[in-house]
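Q: One structure coming up, written as structure tokens, with questions to follow.
The values are calculated or read from the model by the stated rules, or taken from the named source; none is laboratory data. Just so we're clear, the structure is a prediction, and the values are computed from it rather than from any experiment. Cβ atoms come from the backbone with ideal geometry, glycine included; neighbour counts cover every protein chain shown.
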Amino acid sequence: MARTITYREAINEALAQEMERDETVIVMGEDNAGGEGSPGEMDAWGGVLGVTKGLYHRFPGRVLDTPISESAFIGAAIGAATAGMRPVAELMFVDFMGVCFDQIYNQAAKFRYMFGGKAVTPVVIRTMYGAGLRAAAQHSQCLYPLFTHVPGLKVVLPATPYDAKGLMTQAIRDNDPVMFFEHKALYDLAGPVPEESYALPFGEANVMREGGDVTIVALGRMVHTSLEAARQLAAAGVECEVIDLRTTSPLDEDTVLESVEGTGRLVVVDEANPRCSVATDISALVAQKAFGSLRAPVEMVTAPHTPVPFSNALEDIYIPDAQRIVNAVKLVAEWTR
Amino acid sequence: MTDERILAVTMPKWGLSMQVGKITVWIAGEGDDVSVGDDLADIETEKIAGTLEAADAGTLRRIIARVGEDVPVSSTIALIAPPDVSDDDLDAAAAEARAVIDAGVPEEAVGGPAVETAEVGGRKISYAGTGQDGDVVLLIHGYGGDRNSWLFLQEPMAARYRVYALDLPGHGTSSKDVGDGSVGMLADTVLGVLNAIGVQRAHLVGHSLGGAVAIAATARDPLRVSSLTLIAPSGFGQEINASYLRGFAGAQTRRELKPVVGQLFADESLVTRQLVDDLLAYKRLDGVDAALHTLLGTLMDGDTQRTDSAAAIAAIGGAVPVTVVWGKADRVIPPAQAESVAGAVRHLVDDAGHMPHMERPAEVQAAIEEAITRAG
């Protein structure tokens, strides 16, 4: 596994390999082919941050540029999925989901159930999330808890290039609607990725680092912040187990519970707002099913309950950083009754 | 070093991708007298844990690498010297070594043998070679393994030989199509790789299924094989651990795979998270599941072995010298089957399971090199 590519390239490669393998796979969204026919770099942008670049010319007729109407093209993708295609639709920023939410939560998520298991809806909705790009309150949110809440949707948040490729491959092959969350700040992250195709199963968390003192459960970009904190803590003699959930629906409860049974201490790190979130969900899970193992209260490190600030200085302190995780870990590690 | 009597103990390079190792425990302490082969320290790499043995005799005068810190490959971790070397000289050498560890991994340290590919029988086959000009050794892994299975052997043997390791079809980065999965097809692949390397004769080392493959390749063309070293080879008896093989082929998650992989070793604590993750990443590649299940049919008929290496080796009829190495604690294929390898020099290895080349690499290396030397 010597080859190293970026998170962006890993997603692109999964799309290309699945399009190669299965002709029902199509890609659609805003600016997937923006600038088509223009010379040089301007030609077929491949989405606003270039994830689908190169696919337009490689797969003629299968990369569709759509009007700026999410309710129309997300609805079209879901409809195409029910009719035998495997569309991968790009909802540019998850912040825009408001205008097409009905199509997702009340249509795609319900078809299998409402039609007695006879309907399948193999659609993937790719979307960007997260703060850090100075994009202000309407282009920086972490709205995955809203989708995790809805039965019938699968919710995927890759943290590494390896996971991005394997989870995208699985998302396309999956027969249910999948919300695929890509963190803007991870696109340039490089890591080892096999050239061959592979699918990573949903509902299997990844233990990124083993340690016996404190369990840190994280997801998306926060996995890397947590690993940085774990490195600092190891130097201070505190060994953390860092778990990347990979998917919030389905959720790998066993890996989290087994770890907390070993450590007795849990810190959940989540970039989303703190109310009704993955952080509160994991905390409740552990409080309910591993209560007897807990040796300290559960700590949550999250963004505050505010919109993402536009001020650079405020945005920087809005996003959980390694120092806050270190502090939370020390709090639970040193906690006494 | 100022005084030539000060001998450096260095961080070994176990495997092509290893850049740093971590000492988990110092078995020997400062002031201990050590002999060649004594256990010095347990070392953990990102792939596997192992024990470092002393390569020199003397008194362990200074321990430099601390437990738990990342130490770049080949930097000095301890100093061995006779008692009459002064403390001042040792302190100076230790300070020098400390600075190297603190400097971390040099930027250009990646290196290692380049992976090459050859087209054999319509399949893309990966192999990697390293070492001196001279005798060529080809290492053939077993079921579910790959060229990195030889991580503890390939680099050390490269000091004396030109050492290649390949990925059989269905494994590593080779094509995942295994056709009928027969031992004959796998043997043809091995001969095809020898052609690609451009050598007429080589010493073959095969582990488990790779042992049966090495024998079949030799039977096809004995003139191309100078010696044959078989490590826990398949095909020398009926008995095999069918639940291990089926468990390996069927495991879908880390939780399922880890206990299965543990059965490969005498000491299950050698199985690190990274080793299991790497195997899982391999098993999840498209086509691997089908390949492993096809090869399961090559290895087993019901719950017993299907391959018959004993007949194949009889056909070679002593034309090629044969050595067999087996871990006494092998839980996959019983070591008693070593008795059925006609005319072979036998080495039974203490404290090793089905992977003696990972658990006791120094002994396996010695057995292979003895076999090569004996072949002249």
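Q: Taking the conditions exactly as written (surrounded by fewer than 19 Cβ atoms within 10 Å (Cβ to Cβ) and either in contact with a helix residue (DSSP H, G or I) (Cβ under 6 Å, 6 or more places away or on another chain) or of a type in the set (S, T, N, Q) (or both)), does B:GLU46 satisfy them or not?
A: Taking the combined requirement at face value, the residue satisfies it.
Q: Same structure, new question: Of all residues being surrounded by fewer than 21 Cβ atoms within 10 Å (Cβ to Cβ) and farther than 24 Å from B:LYS176 by Cα in region B:271-301, which is nearest to the chain's Cα centre (by Cα)? Just the residue, please.
A: Among those residues, the one meeting the criterion is B:THR272.
Q: What's the number of the only condition in (1) among the β-branched types (Val, Ile, Thr); (2) at pLDDT 90 or above; (3) out of contact with any His (no Cβ under 7 Å at 6 or more places or on another chain) that B:VAL105 fails to meet?
A: (2)
Residues are listed down the side, and each one gets a yes or a no for (1) surrounded by 23 or more Cβ atoms within 10 Å (Cβ to Cβ); (2) touching a residue at least 24 places away in the same chain (Cβ under 8 Å):
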| position | (1), (2) |
| --- | --- |
| B:ARG331 | no, yes |
| B:ASP350 | no, no |
| B:PRO356 | yes, yes |
| B:PRO361 | yes, yes |
| B:GLN365 | no, yes |
| B:ALA371 | yes, yes |
| B:GLY376 | no, no |
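Q: Quick check on this structure: which one of A:GLU271, A:GLU253, A:GLU261, A:GLU241 is within 12 Å of another protein chain (Cβ to nearest Cβ) and touching a helix residue (DSSP H, G or I) at 6+ places or on another chain (Cβ under 7 Å)?
A: A:GLU241
Q: Let me ask something else about it. Among the candidates A:ASP65, A:ASP22, A:ASP31, which residue alone is surrounded by fewer than 22 Cβ atoms within 10 Å (Cβ to Cβ), at pLDDT below 90 and not assigned by TED's automatic domain parsing to the domain that holds A:GLY220?
A: A:ASP31
Q: Something else: Scan region A:184-208 for residues that are free of Cβ contacts under 8 Å to residues at least 60 places away in the same chain and either more than 9 Å from chain B (Cβ to nearest Cβ) or aromatic (Phe, Trp, Tyr) (or both) and jot them down.
A: A:ALA185, A:TYR198, A:PHE202, A:GLY203, A:ALA205, A:MET208
Q: Right, next: Going by what's in this entry, would A:ASP213 be described as crowded, with 20+ Cβ neighbours inside 10 Å and either within 12 Å of another protein chain (Cβ to nearest Cβ) or of a type outside the set (A, V, I, L, M, F, W, C) (or both)?
A: No, not satisfied.
Q: Follow-up. Go over the candidates B:ALA291, B:ALA375, B:ALA342 one by one and state the one that is modelled with pLDDT under 95, aliphatic (A, V, I, L, M) and either touching a Gly at 6+ places or on another chain (Cβ under 7 Å) or farther than 30 Å from B:ALA159 by Cα (or both).
A: That would be B:ALA342, the only listed residue that is modelled with pLDDT under 95, aliphatic (A, V, I, L, M) and either touching a Gly at 6+ places or on another chain (Cβ under 7 Å) or farther than 30 Å from B:ALA159 by Cα (or both).
Q: Which of the helices (runs of 4 or more DSSP H) contained wholly in region B:248-362 include at least 3 residues that are out of contact with any helix residue (DSSP H, G or I) (no Cβ under 6 Å at 6 or more places or on another chain)?
A: B:254-262, B:273-283, B:288-299
Q: Scan region A:67-119 residue by residue and report those that are farther than 21 Å from A:GLU18 by Cβ and acidic (Asp, Glu).
A: Listed by number, the residues that qualify are A:GLU70, A:ASP95, A:ASP102.
Q: If you don't mind, another one. Inside region A:8-95, counting only strands (runs of 3 or more DSSP E) that do not spill past its ends, which hold 2 or more residues that are aromatic (Phe, Trp, Tyr) and within 15 Å of A:VAL123 (Cα to Cα)?
A: Of the strands (runs of 3 or more DSSP E) lying wholly inside region A:8-95, none has at least 2 residues that are aromatic (Phe, Trp, Tyr) and within 15 Å of A:VAL123 (Cα to Cα).
Q: Now, a different point. Would you point out which residue out of A:ALA159, A:ALA185 is outside the structural domain of A:ARG246 (by TED's automatic domain parsing), in contact with a Gly (Cβ under 8 Å, 6 or more places away or on another chain), of a type in the set (A, V, I, L, M) and part of a helix (DSSP H, G or I)?
A: A:ALA185 is the lone residue from the list that is outside the structural domain of A:ARG246 (by TED's automatic domain parsing), in contact with a Gly (Cβ under 8 Å, 6 or more places away or on another chain), of a type in the set (A, V, I, L, M) and part of a helix (DSSP H, G or I).
Q: Now, a different point. For region B:245-291, which positions are of a type in the set (Val, Ile, Thr) and within 11 Å of another protein chain (Cβ to nearest Cβ)?
A: B:THR253, B:THR272, B:VAL276, B:VAL288
Q: Would you call B:LEU230 farther than 30 Å from A:GLU253 by Cβ, modelled with pLDDT of 95 or more and touching a helix residue (DSSP H, G or I) at 6+ places or on another chain (Cβ under 7 Å)?
A: Answer is yes for this residue.
Q: When you scan region B:123-222 for strands (runs of 3 or more DSSP E) that lie fully inside it, which ones turn up with 2 or more residues that are surrounded by 19 or more Cβ atoms within 10 Å (Cβ to Cβ), within 14 Å of chain A (Cβ to nearest Cβ) and small (Gly, Ala, Ser)?
A: B:123-131
Q: Are there any strands (runs of 3 or more DSSP E) wholly within region B:6-98 with 3 or more residues that are farther than 19 Å from B:PRO361 by Cβ and either modelled with pLDDT of 90 or more or among the aromatic types (Phe, Trp, Tyr) (or both), and if so which?
A: Result: B:58-63, B:76-81.
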